[in-house]
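Reading through the structure tokens given below for one structure.
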Amino acid sequence: MSLQYVPILKAKQGELSALQSWRDSDFPNTTPLVEVVPWERDDDIDGDDGGEIRKAVSRIGKSWAGKRATMLLDAASAERDPENGWESSARTPVLSEMLRQLRRELVNVAPVVRVSAGDAYTRRLADIHYESPMERGAIRITAEDLDDTATPLGDLALRVADNIRIHPRKLDIILDFGAVNDDATAAMAARLARFVLPQLADGTWRSIVVASGAFPVNLSEVSPNKVAELERFDLRLWHSLQTFKIGTQIHFGDYAVTHPLIPVGVPFAAAPQLRYTLEDRWLVAKGRRQDRRGHAQFFDICAEVLRQAGRSAPDYDVSWGDERIHQAARQAVNPLPELERLAPSSPVGPGNASTWRAIATSHHMAYVSRRLSETGAP
């Protein structure tokens, strides 16, 4: 199997828009994992989640309709309680219901199950086979799972596979270290991975993916109107494991251009910004929230980032996101006539926070996938 890429994305407007524009036939080595964003519910009322499920299914289905590649779906954050109360409850897991509805609409999706989920819950997930057998899925192991039990992870994963009735050879193992954004956390994750991987890399599973996220929570540390560089520590983690001989290939996963955790607190209007992926780093730039140009600052940001990237910038036709970046750069106060690879002139709007996230995510996924195809490394 060639090296595979698993970008972990939130089921939010920006990320889903990037997936909708994704030309999966161009990048057969990519399998996105989409996390359902938790919705508000009254915990004192055993209410019906049907409306929220239908809305989530509609958004996700629209983003992935017609794609041949498989989308991995993780709904753990939307479940009421995947560990307690499932033995006596008649409630259907949110993951089961979403998979059922999406598959009825011929959307190519497969389940992601946490290794820490209880037996009662995972046995309930086996019901998804009644309409049509699942031919693929994934078991996700987080860093927190490593501290929760003395049972070998391989045994725990096999128990999940047996409960959901999917053969291990059809299941990807996703070893997810979460936030890895400095030297210390990258080194710690590498040590943990070297301890854990031999428990899993015995040829039982479809693939082994090591995933982590290096992007910060926000751009508060980036000065306005300047281009900053941020190291891709998630990529450094993956590279550090390539000399670790375990007899199986280690595939690559990341959180694209977002932090692994969903921010809490009161949201605020973000300044125009661009998160731009290069070989071992991100170029990051933002404007000012109170600038008189408003969102039109995005045009200048795109021009300056492309100026900094120089010949390392991919062509405009690599992805929808790259095309939008190049088109925006043409509308800057100081455009880039010297960059021959700019997209043909076609006016575009500056967008909003969701647009900027979609553009950055589209560029990131295309950049990583293209590097995998051309160099064998993300």
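Under a 5 Å amide H cut-off, with hydrogens placed 1.01 Å from N, residue 8 pairs with 33, 254, 255, 256 among residues at least 5 apart or on other chains.
Computed from Cα atoms, the angle from the helix 94-104 axis to the main principal axis of the chain rounds to 70 degrees.
Residue separation of residue 334 and residue 80 scaled by 0.36 nm, minus their Cα-Cα distance, works out to 86.2 nm of gained length. With the simple spin-label model, which puts each label point 7 Å out from Cα in the Cβ direction, the residue 155 to residue 280 separation comes to 4.2 nm.
Distances between placed amide hydrogens fall under 5 Å for residue 37 paired with 11, all partners being 5 or more residues away or on another chain.
The mean sequence distance of close C-alpha pairs (under 8 Å, at least 6 residues apart), as a share of the length of the chain, puts its relative contact order at 16 percent.
Quick one: angle between helix 320-330 and the longest Cα principal axis of the chain, in degrees between 0 and 90, rounded to 10, please. The angle comes out near 20 degrees. Matching the structure-derived Cα Rg over 2.2 N^0.38 Å against the labelled list (1) 0.95; (2) 1.06; (3) 1.00 gives the label (3).
Once the Cα atoms are used to define both axes, helix 153-164 deviates from the longest principal axis of the chain by about 80 degrees. Residue separation of residue 244 and residue 26 scaled by 0.36 nm, minus their Cα-Cα distance, works out to 75.4 nm of gained length. Fully extending the segment from residue 54 to residue 92, taken as 0.36 nm per residue of separation minus the present Cα-Cα distance, adds 12.3 nm. Couplings 3J(HN,Hα) for segment 20-28, derived from phi with the Karplus relation 6.51 cos²θ - 1.76 cosθ + 1.60 (θ = phi - 60°), are 4, 8, 6, 8, 5, 5, 7, 9, x Hz, where x marks Gly and Pro. Taking amide H atoms as placed 1.01 Å from N in the peptide plane, the amide H of residue 180 lies under 5 Å from those of 213, 214, each 5 or more residues away in sequence or on another chain. Phi angles of segment 66-77 translate, via the Karplus equation with coefficients 6.51, -1.76, 1.60 and θ = phi - 60°, into HN-Hα couplings of x, 7, 7, 5, 8, 9, 8, 10, 10, 10, 4, 6 Hz per residue; Gly and Pro are given as x.
Peptides 15-24, 227-236, ordered by how many other C-beta atoms sit within 10 Å of their residues on average, highest first, read 15-24, 227-236. Computed from phi, the 3J(HN,Hα) profile of segment 346-356 under the Karplus parametrisation 6.51, -1.76, 1.60 (θ = phi - 60°) reads 7, x, 10, x, x, x, 9, 4, 5, 5, 5 Hz, with x in place of Gly and Pro. What distance in nm separates the two pseudo spin-label positions at residue 377 and residue 195, each 7 Å out from Cα along the beta-carbon direction? Roughly 2.7 nm, to one decimal. Within the chain, antiparallel bridges make up roughly 25 percent of the DSSP beta bridges whose residues both belong there.
Readers should treat all values here as calculations from the given coordinates under stated rules, not as data from a laboratory. Just so you know, these numbers come straight off a predicted model, no measurement behind them. Glycine gets a Cβ as well: all are built from the backbone with ideal geometry, and neighbour counts include every protein chain shown.
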